[in-house]
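The values are calculated or read from the model by the stated rules, or taken from the named source; none is laboratory data. Since the structure is predicted, the reported quantities are computational estimates derived from the model, not experimental observations. We place every Cβ from the backbone using ideal geometry, glycine too, and count neighbours over all the protein chains shown. These area figures cover heavy atoms from the full protein model, side chains too; ligands, DNA and RNA do not enter into them. Shrake-Rupley method; radii C 1.70, N 1.55, O 1.52, S 1.80 Å.
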Amino acid sequence: NPDVVAVTVALPDGNFKVSRCFRCSELVHVSHNKREWIAGNLAVEVADWLESLGVKQAALEELFFAQDHDTNRLFNRITHSFCSRLLFNRIVVALRKRGMAVFTVPAHFTSLIGFFKYAETYGLSAHQAAALVIARRALGFKEKVPKALLQLPGRPPKEGWAHAKLWGRLSGMFKAARKKISRYFNTRAFTPSAWLEHIFAGAG
C-alpha cells in the first residue's frame, strides 16, 4: 500500500517469524522529486532490515490495480498506481543489490486469507498478515480454509471444491457485509471474529 510497507518474515516451514511495518503516509502527497527520495530511502530501510535478519529470498505481491476504489476518484487511483509501482521497483532494486533473490506471487485473496487466518493468531495488522500469506505462497504452501469457516451459511461446500473457490465465496460474503455494516458502524476496529458474526448473521 502507498502509505505503509508491511514486511513479514516466514520460516522455511511456513510458520511466522517476525514482522514490521514501514510507514510512508506522506508519499502520496509530496512532489515528484521528494516522492522519489522517500521511496528510495524506504526501500533501503526495508532491505537493510531483511539483510540484518539473514533473509536470502524475498517475495512481493504481483502488482494489480482495480479499476474502481472506495473513493471512486480518478486522481486517487492514478496516485495509488504510481506510488505502488514506484515502491515496488525501488524495493526490488534494493533487495537485489544485497544479493537477495526476488520473486512475485499472485495477489488473489492475500488480504482476506491473512486477515481471517493469521491476524488474530499472531497479533498482526491486516497488511502484515497479508504479507505472511505472500511469503507462504512463495514457499509453495496452499492456504486451506480453516474448519471454523467451512460451515458457510446457505449452500454448504460441495465435495471436491477447491479451497480457492471457498475463499472466493467468503470474499463475496465479506464485501457484502462490509458494504452494509459500514453504513452504521466504524468497522476499522472490527476483528476477524466480529466480522464473521456479521457475515454469518447476514447470510443465515
- prompt: Considering only residues of the range 24-55 that are in a helix (DSSP H, G or I) and among the polar types (S, T, N, Q), which is farthest from Arg90 (Cα to Cα)?
  reply: Ser52
- prompt: Consider Gly123 against the criteria (1) on the phi > 0 side of the Ramachandran plot; (2) at pLDDT below 85: it satisfies all of them except one. Which criterion is unmet?
  reply: (2)
message: Checking the conditions here, which among Ala162, Ala177, Ala129, Ala148 is aliphatic (A, V, I, L, M) and at pLDDT 80 or above?
response: Ala129
- line: Log entry, pairs with first residue in the range 49-66 being over 14 Å from Ala131 (Cα atoms), second being buried (at least 18 other Cβ atoms within 10 Å of the Cβ) and modelled with pLDDT under 90, beta carbons closer than 6 Å, six or more apart or on different chains, reads none
- prompt: Of all residues in the range 92-131, which are farther than 30 Å from Pro192 by Cα, open to solvent by less than 40 Å² (accessible area, probe 1.4 Å) and assigned to a helix (DSSP H, G or I)?
  reply: Val92, Ala94, Leu95
message: Being closer than 19 Å to Leu170 by Cβ and not aliphatic (A, V, I, L, M) is the filter here; which residues of the range 90-126 pass it?
response: Pro106, His108, Phe109, Thr110, Ser111, Gly114, Phe115, Phe116, Lys117, Tyr118, Glu120, Thr121
- request: Assess whether Leu139 counts as being modelled with pLDDT of 80 or more and open to solvent by 70 Å² or more (accessible area, probe 1.4 Å).
  value: yes
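Could you list, in sequence order, the residues of the range 56-83 that are assigned to a helix (DSSP H, G or I) and either of a type outside the set (D, E, K, R) or modelled with pLDDT of 90 or more (or both)?
Hits for the range 56-83 are Leu74, Phe75, Asn76, Ile78, Thr79, His80, Ser81, Phe82, Cys83.
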statement: Selection from the range 1-24 of residues open to solvent by 70 Å² or more (accessible area, probe 1.4 Å) and touching an Asp or Glu at 6+ places or on another chain (Cβ under 9 Å) yields Asp3, Arg23
